[in-house]
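One structure below.
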Amino acid sequence: MLTIIIGIYTLFVLVSIYTSVMQIGFVNQVKRGKAVLLTDNDFIKAGNYTVAKEKVSIVTMFVDYIAFIVWIGFGIEFLASTIYFENEVLLNIAIVMGFLVINSILSLPFGYYEKFVLDEKFGFNKSTKAQWAKDTVVSFITTLIFGSLVVLGVYAIISSFALWWLWSFVFIFAVVILINMLYPTFRAMFFDKLTPLQNEELDSQIKDLMDKTGFVSAGVFVSDASKRDARLNAYFGGLGKSKRVVLFDTLIEKLTTRELLAVLGHELGHFAHGDIYKNIAMIGMMLFAMFGIFGNLPDALYIDLGISKSPYGVMILLLLFMPVLGFLMMPIMGIVSRKNEYAADKTGSELGGSGGAIELANALKKLVTENRSFPLSHPLYIFFHYTHPPVLERLKELGVDVQSSDKSALGEPCQADI
């Protein structure tokens, strides 16, 4: 069984690296050709940025694989034998959180490199090292606190129910919903400063737009995202009465009022079609599959790992294999998500009235330019990674014809949420 587990993870790593290698080769080839959506110079820069990020992704994947082999080989057993608490509850929490802390420390150099080397080189980073250190410490402390509470909840369920995997799924799914509800408030407390939109005319236009779809929010807020990053973005956060419209200050600065309304119209399209709840349902399906599989692993696996079938062992195995299940689910989720994006584009263009499609198309092109999103991708990379349709296909659906030298592989990572 242990051999099968390692084989599955190895296959996942090989497919992931192969996909990135194909993307790097594709982008390196087409970036020297005819520019699409961007100027010739920006087209090459965007291509270089995409290639650099994929190279970091490959190195990260390789390090994660080594860490996985170490954890499976002797790491879990060593960690369990190193940490000692007489109280069984504290022991399980300490072992699982120790696992998470060690993995977080391993990821720190990559986060630092992406922020202060890669993003710095391409003009995205606006954060200081002091700000980054503060954010890292806050993230660490909040993860330690809230993570321990979640681990405590799962431990209590495993210790109390025969069908613990089913009730653990229910508990974690409830946590996911709670996170979606509290996310804007959480970010405002610890990271971005959210302030009510001061532009009364724009605020009124946004609320008129929301009224057309029956969207009720707790307000329209502006995030001071520019103190950390130069990218453009906007999102609707929360569920129920806690919903907030959050605009990055960079988005307000770069888009015209009509383009901004077109972007929000797209997001309202997601609300009108119930896409938020569809996404949560798909996450629920993935969690159910994950708990169903790992809740019924044979005892022989834990014997091979040198640990007992204890709550901490089950939770660590779940955490180790979460990326694999996410990768397997991504193509399915991507197909559904891309379909939803087309429908949201249509709704956004209709909400914008006459010229709404053009305004949304202009906003998409600005997002590509400002976020240096390379507008072409390998088909395999699109299949495994894209939650949004290729931007050229979206523009085509909006009635904007953009000529491309390669119609077989059009894509755009679109780092913004629209």
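Over 21 Å, how big is the tail of the calculated P(r) for the range 88-215, in percent of all Cα pairs?
Counting every Cα pair in the range 88-215, those more than 21 Å apart make up 63 percent.
Identify, among Tyr155, Leu202, Val245, the residue whose Cα sits farthest towards the positive end of the charge dipole of the range 151-260, taking +1 on the Cβ of Lys and Arg and -1 on the Cβ of Asp and Glu, with the dipole about the Cα centre.
Tyr155
Starting from the Cα of Lys129, draw a straight line to each of the aspartates and glutamates and keep only those under 15 Å, dropping any in the same chain fewer than 8 residues away.
Glu114, Asp119, Glu120, Asp229
Taking the Cα centre of the chain as origin, work out the dipole magnitude from +1 charges on Lys and Arg Cβ and -1 charges on Asp and Glu Cβ, in debye rounded to 20.
Once rounded to the nearest 20, the dipole reads 480 debye.
What is the range 1-157 by shape, rounded, prolate or oblate, if you read a ≥ b ≥ c off the alpha carbon gyration tensor as root eigenvalues and call it rounded for a/c under 1.5, prolate for a/b larger than b/c, and oblate otherwise?
oblate
Assign unit charges at the C-beta atoms only (+1 for Lys and Arg, -1 for Asp and Glu), then state the dipole size of the range 311-398 relative to its Cα centre in Debye, rounded to the nearest 20.
Using only the charged Cβ atoms, the result is roughly 140 debye.
Using a Gaussian network for the chain with springs between C-alpha atoms less than 10 Å apart, which of these wobbles most: Leu100, Leu367, Leu232?
Leu100
Residue by residue through the range 62-71, which ³J(HN,Hα) values in whole Hz follow from phi under the Karplus form 6.51 cos²θ - 1.76 cosθ + 1.60 (θ = phi - 60°), with glycine and proline marked x?
5, 5, 4, 5, 4, 4, 4, 4, 5, 4
For the chain, give me the percentage of DSSP beta bridges that are antiparallel, rounded to the nearest 5 percent.
Antiparallel: roughly 70 percent of the beta bridges in the chain.
Long-range amide H contacts for Leu376: which residues qualify at under 5 Å (H placed 1.01 Å from N, peptide plane, sequence gap of 5 or more or a different chain)?
Counting only residues 5 or more places away or on other chains, the set is Gly411.
Between rounded, prolate and oblate, where does the range 171-262 land on the alpha carbon gyration tensor, with a ≥ b ≥ c its root eigenvalues, rounded for a/c under 1.5, else prolate if a/b exceeds b/c?
oblate
What are the ³J(HN,Hα) values, in whole Hz, obtained from phi via the Karplus relation 6.51 cos²θ - 1.76 cosθ + 1.60 with θ = phi - 60°, for each residue of the range 8-14 in sequence order, with x given for Gly and Pro?
Once θ is set to phi - 60°, the couplings for the range 8-14 become 5, 5, 4, 4, 4, 5, 5 Hz.
Put +1 on the Cβ of each Lys and Arg and -1 on the Cβ of each Asp and Glu in the range 278-383; which of Tyr312, Gly356, Ala344 then has its Cα farthest toward the positive end of the dipole?
Working it through, the farthest residue towards the positive pole turns out to be Gly356.
Students often check this: by mean Cβ neighbours within 10 Å, which of 372-379, 89-96, 136-143 ranks highest, and how do the rest follow?
372-379, 89-96, 136-143
Compare the peptides 60-71, 255-266 by average per-residue count of other Cβ atoms within 10 angstrom and give them in order, highest first.
255-266, 60-71
Could you give me the ³J(HN,Hα) list for the range 382-389, computed from phi with Karplus coefficients 6.51, -1.76, 1.60 and θ = phi - 60°, whole Hz, x at Gly and Pro?
3J(HN,Hα) across the range 382-389, in whole Hz: 4, 4, 8, 10, 7, 9, 10, x.
Quick one: Asp119, Asp42, fewest Cβ neighbours within 10 Å first, how do they rank?
Asp42, Asp119
Beyond a 20 Å Cα-Cα separation, which of these cross-linked pairs lie in this structure: Lys346/Lys396; Lys212/Lys365; Lys53/Lys126; Lys55/Lys126; Lys31/Lys55?
Result: Lys212/Lys365; Lys55/Lys126 exceed 20 Å.
Using DSSP to call loops (not H, G, I, E or B), can you name the GluC sites (Glu not before Pro) in the range 35-133 whose Cβ has at most 10 other Cβ atoms within 10 angstrom?
Glu86
Read-outs: derived from the displayed coordinates by stated rules, not from any lab. The shown structure was predicted, so the numbers you read here are calculated from the model rather than taken from an experiment. Because the Cβ atoms are built from the backbone with ideal geometry, glycine has one as well, and the counts that use them run over all protein chains shown.
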